[in-house]
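Below is one structure, written out as structure tokens; the observations come after it.
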Amino acid sequence: MIYMNKLLLLLLISSIAISQSKDVVIEDAIIVWKKSQRLEWKDFAGEMDADVFGTAKTVYKIEIVPIEVYVDENDNIQNIEQLSVIAHFYKNLSWTASRNVALLAHEQLHFDIAELYARKIRKRFSEMKNIQEFRFSQFQTEYSKLMNACKSFQKKYDKETKHGSIININNQWIKTIKNSLRELEDYS
């Protein structure tokens, strides 16, 4: 019995060490949006996708954290005060075939738009918490609505700027998004 307990303890310690080492690798491949940190070309470490139109691709995800949201039998989120949203950039999925300042500014703005929508989601979640709405299904509905709005907004951005090739329009977008981020500073 003592041998079995020691074996289980050893397996537990080993699995924790392995999972922690995997987390380090994963974290190195992800950038969390920060006002002070701008993307660099070295961050675009993925393989170019020949099936995708364009000279660069920014892959982001707006994630609900903690990732494992606990929900009770009444659909209520447990520990709701810990619930938040983070915009991530995925280095190993993002790529570039060209490197110029205007293109990098365009790709940065895609990530900035992701942060803008992360803030909109945080704001909406805060409003829901304030009215004592804790049902997971309602949070998921609001998250889905705002994620769909983000996708549409990203497409509009690419269409209006012709994927960043119309520099003056891209610069207008940069100013607009910068102002929008400032307006939602309370949710950063």
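The values are calculated or read from the model by the stated rules, or taken from the named source; none is laboratory data. In this text the structure is predicted, and so the values were computed from the model without any measurement. As a convention, Cβ positions derive from the backbone with ideal geometry for all residues, glycine included, and neighbour counts pool all protein chains shown. SASA here: full protein model, heavy atoms, side chains in, ligands and nucleic acids out. Shrake-Rupley method; radii C 1.70, N 1.55, O 1.52, S 1.80 Å.
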For GLN108, state whether it is closer than 20 Å to ALA29 by Cα and not aliphatic (A, V, I, L, M).
yes
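Given the residues GLU127, GLU133, which is the only one that is touching a Phe, Trp or Tyr at 6+ places or on another chain (Cβ under 9 Å), charged (D, E, K, R) and free of Cβ contacts under 8 Å to residues at least 12 places away in the same chain?
GLU133
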Can you pull out the residues in the range 76-100 that are farther than 16 Å from SER137 by Cα, in contact with a Leu (Cβ under 9 Å, 6 or more places away or on another chain) and not in a loop (DSSP other than H, G, I, E, B)?
ALA87, PHE89, THR96
The correct count of residues that are closer than 30 Å to ASN74 by Cβ and either at pLDDT below 95 or in contact with a strand residue (DSSP E or B) (Cβ under 9 Å, 6 or more places away or on another chain) (or both) in the range 142-171 is 4
Subset of the range 134-188 (residues that are of a type in the set (Phe, Trp, Tyr) and not in a helix (DSSP H, G or I))
PHE134
Testing GLN132 on (1) over 30 Å from ASN76 (Cα atoms); (2) surrounded by fewer than 17 Cβ atoms within 10 Å (Cβ to Cβ), one condition comes back false. Which one is that?
(1)
How do the pairs read when you match residues in the range 58-75 that are under 15 Å from GLN140 (Cα atoms) with residues anywhere that are of a type in the set (Lys, Arg) and modelled with pLDDT of 90 or more, using Cβ under 6 Å and keeping only pairs 6 or more apart or on different chains?
ASP75/ARG135
For the range 30-52, the count of residues that are open to solvent by 40 Å² or more (accessible area, probe 1.4 Å) and not in a strand (DSSP E or B) equals 12
Subset of the range 101-133 [assigned to a helix (DSSP H, G or I) and among the acidic types (Asp, Glu)]:
GLU107, ASP112, GLU115, GLU127
Counted residues, the range 84-102 - those being under 19 Å from PHE53 (Cβ atoms) and surrounded by 21 or more Cβ atoms within 10 Å (Cβ to Cβ):
1
Number of the exception - GLU142 against (1) open to solvent by 50 Å² or more (accessible area, probe 1.4 Å); (2) touching a helix residue (DSSP H, G or I) at 6+ places or on another chain (Cβ under 7 Å):
(1)
Tell me yes or no: at least one residue of the range 69-76 is farther than 19 Å from ASP158 by Cα and under 20 Å from the mean Cα position of the chain (by Cα).
yes
Are any residues in the range 111-157 within 23 Å of ILE30 (Cβ to Cβ) and among the charged types (D, E, K, R), and if so, which ones?
ASP112, GLU115, ARG119, LYS120, ARG122, LYS151
